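Report on one structure; see the data block that follows.
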Amino acid sequence: MANPKPEELARIEYNPPKTGWMDTPTVFKPGIFPYGCKPKSLETVSFPNPRSWSVKDEDWKLPENWQEIFIEGLRERVNKYRSFRLFLDICVRCGACADKCHFYIGGGDPKNMPVLRAELLRSVYRKYCTTSGKIMGKIAGARELTIDVLKEIWYYAYQCTECRRCSLFCPYGIDTAEITILARELLNLLGLNIDWIAGPVANCWLTGNHLGLQPHTIIDSFDMFINDLETATGIRVSPTFNRKGAEILLVVPSGDLFADPGTYTTMGELLLFHELGLDYTWSTFASEGGDFGFFTSNEMAKRLHNKIYEEAKRLKVKWIMGGECGHMWRVWHQYHNTWFGPVDFLEEPVSPITGTKFENTKSNKTVHICEFTADLIKHGKLNLDPSRNDNLIVTYHDSCNTSRGMGFFEEPRYIINSVCKNFYEMPPNTIREQTFCCGSGSGLNASENMENRLRGGLPRANAVKHVKEKYGVNMLACICAIDRAALVTAVDYWVPGVGVTGVHELVANALVMKGEKKRTKDLRGEPLPGMEGE
Amino acid sequence: MGLLFSFFTVIALIVIVFIGVNGANLHYLFGVLIPYATFLAFIIGIVYKVVQWGRIPVPFRIPTTAGQEESFPWVKQNKIDNPSTSLGVIIRMAFEVLLFRSLFRNTKAELREGPKLSYGSTKWLWLGGLAFHWTFLIILIRHFRLFLEPVPVPIKILESLDGFFQVGAPVLYLTDLIFLGAVTFLFLRRVIIPQMRYISLAADYFPLFLIFAIGFTGVLMRYFLKTDVVGIKQMTLGLITFKPVFPEGIGIIFYIHLFLVSALFVYFPMSKLMHMAGVFLSPTRNLANNNRAAMHVNPWNYPVKVHTYEEYEDDFREKMKSVGIPVEKE
């Protein structure tokens, strides 16, 4: 299905319908919702209710007692997560969150105002878990869990990217991501995942990565990287895999092993670590830093994440380094220490090159690759020639998860400013903690929901357009694999002529290596500035 | 529907007390029993709810980070919006609770031709909210003069500051004016802004009407009907010393005011108004962002079924060997 033209898509109606939201039936629009999960994906991880079903069908083939399962699940979870209960209880509907959501800004659907998206579930909570809701019903904002209500919750649970921008503006810190995360967990009790999440989860379970790359194909990819790097630099890097006794285990999002422009980020990392002579290893088992289980259920997230610690233990490394990825770092930073800590078998991370102790990660021993590289540059350990990136006019997209789930702002900017000379920020209300999602996070990066992804990508792309027009920006840097996949599409649609790059691709272009040949091409095989004729 | 229902509920409350006191002479019921009972319900309700929240675990440390995290010594941390220590959290919470810092960030998204999106700063909700909550608090504190004899000096100072402009007799309190203005503003934005009207429930209108009616009856009593303050103080002192008295000449307006406050007492613990207590417990605000430096314990963390390396190697051993990846079992 062809997407509407940008001018058409940008005609957005923000006025809500005349009828109240409880009385306005939700119509499933093609281009907005992703496809339902396949039975095989659920069977692989022993999830309930595997069967063939289609979102478009009237009958979703739910278990007989689906209502009971959902409500019991809800009651269980409001007693396990204080966040969940509190956020269902205390919202005053002040509306501060309403126009903070990229899907609402880009689409105008009132049920995509975070407050109302949460009310979809909150109304069910009131009906079954609060006295006033039980007695007063609709006047207390409560409603029965009918099949249409369930479908509505599903429709909007997969229109939230868990980016937490609304949570930043909420006077009580109500986090719609928490509500979406748990709504999806409840839906998964009924076998109602989407294909684009359930598939990667099953892949990750079997092969260690979302893309289902088997060990020998991973090696094939690296062989290609190695050859391309040799062509570009004259240097043949020799990464190791599953090597016991390495000092550092490097885990990156598998997207960076597979598709452009993420692959250039991986290549950049290969060059950098070769130049440093770093004692590190890749793993084909722990071949995924991201965690689509996180978009499924807490338990599934933990089940998938296990491989990283198990592998670190098996290989007897000292600490773990994580690549450029968004939700991966939300999970690594805010969850995995709680799941698997205390991590006694690792050592407090120290950079073998600079001797810097990474104090802020002394407990769970995971270092962000940008922390590592920023520290290298600060200590003058890299020979950099930023003029090699002179053809690029760069802006930087803060990923939602590293921004609002970590607070990771200065390190990547420090690196970018060290490796290229033309850097311009997007407007202040669209960066750092106020950054906008790419529109495709939390497993919504499918193709069948493209219209919604483009709508959700509008606020980000529009800010890029602003700096493109003002400063001639032609490259959007980011530290997230989903961004590298999704922003290419969104930017191409809304603001053609701007590329997308990982930060370590920029680093590798600027990196002057020992014994390199005269560099004429960048990692993409395109001429470096001033080398167009070579 | 929610709007009208709420409005008429408040009217009904006023009618009930009017009939009860003026018609049926139930002074003891409306002047003593109901205030006692509802105040008790208020306290028990709040404690119950807070204990209920407090007993639910916080499985994960999930602060919403709103500034640079703690990093290298040469990177400046935003210690308030992304605290890594308890002191930082206390400061963050103080800003949040006393000054509504998150709301202060508020922006308004606007889409123009182009398309061109912009996000202007908008402080009206912050200002209205702050005015409402602070004046409510000051008015509440001023009311302590009715329960304490002699009136403590700090309350007298507060009163004189509040009546600084010395307008009218009795002196006009600025907070009364701002309070009613702020409630009106909060109501009007709900009715006028289409999106706000769309998301508003009875649970949003009812407390606004109720609180407005409480404020309005208070203002009527003080400035217009000039109710016998000495008599009221005898009565309020009687209430808190458990020796209720009913002096002559206390008008129905006082009973209405008191009954509406009683209604608020009962309604408070089971409503969204509990955000007053809830904000202190919010895991996205009251936790330090030190996840990687210190382990956060989830009391219900449990072992999960995993796909082990052995299973992985069993699946792919030959393929691994074919490309020279070391394996555990040859």
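The values are calculated or read from the model by the stated rules, or taken from the named source; none is laboratory data. Nothing here was measured: the structure is a model prediction, and the numbers come from that model. Glycine also receives a Cβ, built like all others from the backbone with ideal geometry; neighbour counts cover every protein chain displayed. Ligands, DNA and RNA are excluded from the accessible area calculation, which covers all protein heavy atoms including side chains. Shrake-Rupley method; radii C 1.70, N 1.55, O 1.52, S 1.80 Å.
Annotation: of all residues in the stretch A:154-189 being assigned to a loop (DSSP other than H, G, I, E, B) and either basic (Lys, Arg) or within 15 Å of the chain's Cα centre (by Cα) (or both), the one that is surrounded by the fewest Cβ atoms within 10 Å (Cβ to Cβ) is A:159.
The one condition from (1) among the charged types (D, E, K, R); (2) open to solvent by less than 30 Å² (accessible area, probe 1.4 Å); (3) under 23 Å from residue B:171 (Cβ atoms) that residue B:228 does not meet is (2).
Among the numbered conditions (1) touching a strand residue (DSSP E or B) at 6+ places or on another chain (Cβ under 7 Å); (2) open to solvent by 10 Å² or more (accessible area, probe 1.4 Å); (3) hydroxyl-bearing (Ser, Thr, Tyr), the only one that residue A:387 does not meet is (1).
For the stretch B:78-110, the set of residues classified as open to solvent by less than 30 Å² (accessible area, probe 1.4 Å), closer than 28 Å to residue A:374 by Cα and either of a type in the set (Asp, Glu) or in a loop (DSSP other than H, G, I, E, B) (or both) consists of B:81, B:82, B:83, B:84, listed by residue number.
Taking residue B:292 as the residue in question, decide whether it is within 14 Å of chain A (Cβ to nearest Cβ), modelled with pLDDT of 95 or more and in contact with a strand residue (DSSP E or B) (Cβ under 8 Å, 6 or more places away or on another chain). When the stated conditions are applied, residue B:292 passes them. Just one of the numbered conditions (1) more than 25 Å from residue A:35 (Cα to Cα); (2) of a type in the set (Gly, Ala, Ser); (3) within 14 Å of chain B (Cβ to nearest Cβ) is not true of residue A:208: (1).
Results for (1) surrounded by fewer than 19 Cβ atoms within 10 Å (Cβ to Cβ); (2) of a type outside the set (D, E, K, R), shown as yes or no for each residue.
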residue	(1), (2)
A:28	yes, yes
A:71	yes, yes
A:104	no, yes
A:111	no, no
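Only one entry in A:56, A:61, A:5, A:38 is more than 10 Å from chain B (Cβ to nearest Cβ), touching a helix residue (DSSP H, G or I) at 6+ places or on another chain (Cβ under 8 Å) and open to solvent by 50 Å² or more (accessible area, probe 1.4 Å), namely A:38. Do the conditions hold for residue A:524, that is, is it among the charged types (D, E, K, R) and surrounded by 24 or more Cβ atoms within 10 Å (Cβ to Cβ)? No. Residues in the stretch A:356-378 that are of a type in the set (Lys, Arg) and more than 7 Å from every other protein chain (Cβ to nearest Cβ): A:357, A:365.
Note on the stretch B:124-180: residues that are surrounded by fewer than 17 Cβ atoms within 10 Å (Cβ to Cβ), free of Cβ contacts under 8 Å to residues at least 24 places away in the same chain and not in a helix (DSSP H, G or I) total 10. Can you find a residue that is at pLDDT below 95 and outside any loop (DSSP other than H, G, I, E, B) anywhere in the stretch A:99-112? For the stretch A:99-112, residues at pLDDT below 95 and outside any loop (DSSP other than H, G, I, E, B): absent.
Which one of A:235, A:218, A:226, A:181 is β-branched (Val, Ile, Thr) and away from chain B (no Cβ under 14 Å)? Talk me through it step by step, then tell me what you get.
Numbers: A:218 fails: away from chain B (no Cβ under 14 Å); A:226 fails: away from chain B (no Cβ under 14 Å); A:181 fails: away from chain B (no Cβ under 14 Å).
Exactly one of A:235, A:218, A:226, A:181 is β-branched (Val, Ile, Thr) and away from chain B (no Cβ under 14 Å), namely A:235.
Would you confirm whether or not the stretch B:306-319 contains a residue that is in a helix (DSSP H, G or I), free of Cβ contacts under 8 Å to residues at least 60 places away in the same chain, surrounded by 17 or more Cβ atoms within 10 Å (Cβ to Cβ) and more than 7 Å from every other protein chain (Cβ to nearest Cβ)? Write out each step before concluding.
Here is the first cut: in the stretch B:306-319, the residues in a helix (DSSP H, G or I) are B:309-319.
Narrowing the set further to residues that are free of Cβ contacts under 8 Å to residues at least 60 places away in the same chain leaves B:309-319.
Within this subset, residues satisfying the condition of being surrounded by 17 or more Cβ atoms within 10 Å (Cβ to Cβ) are B:309, B:312-313, B:316.
Next cut, more than 7 Å from every other protein chain (Cβ to nearest Cβ) only: B:313.
Yes; the residues of the stretch B:306-319 include at least one that is in a helix (DSSP H, G or I), free of Cβ contacts under 8 Å to residues at least 60 places away in the same chain, surrounded by 17 or more Cβ atoms within 10 Å (Cβ to Cβ) and more than 7 Å from every other protein chain (Cβ to nearest Cβ).
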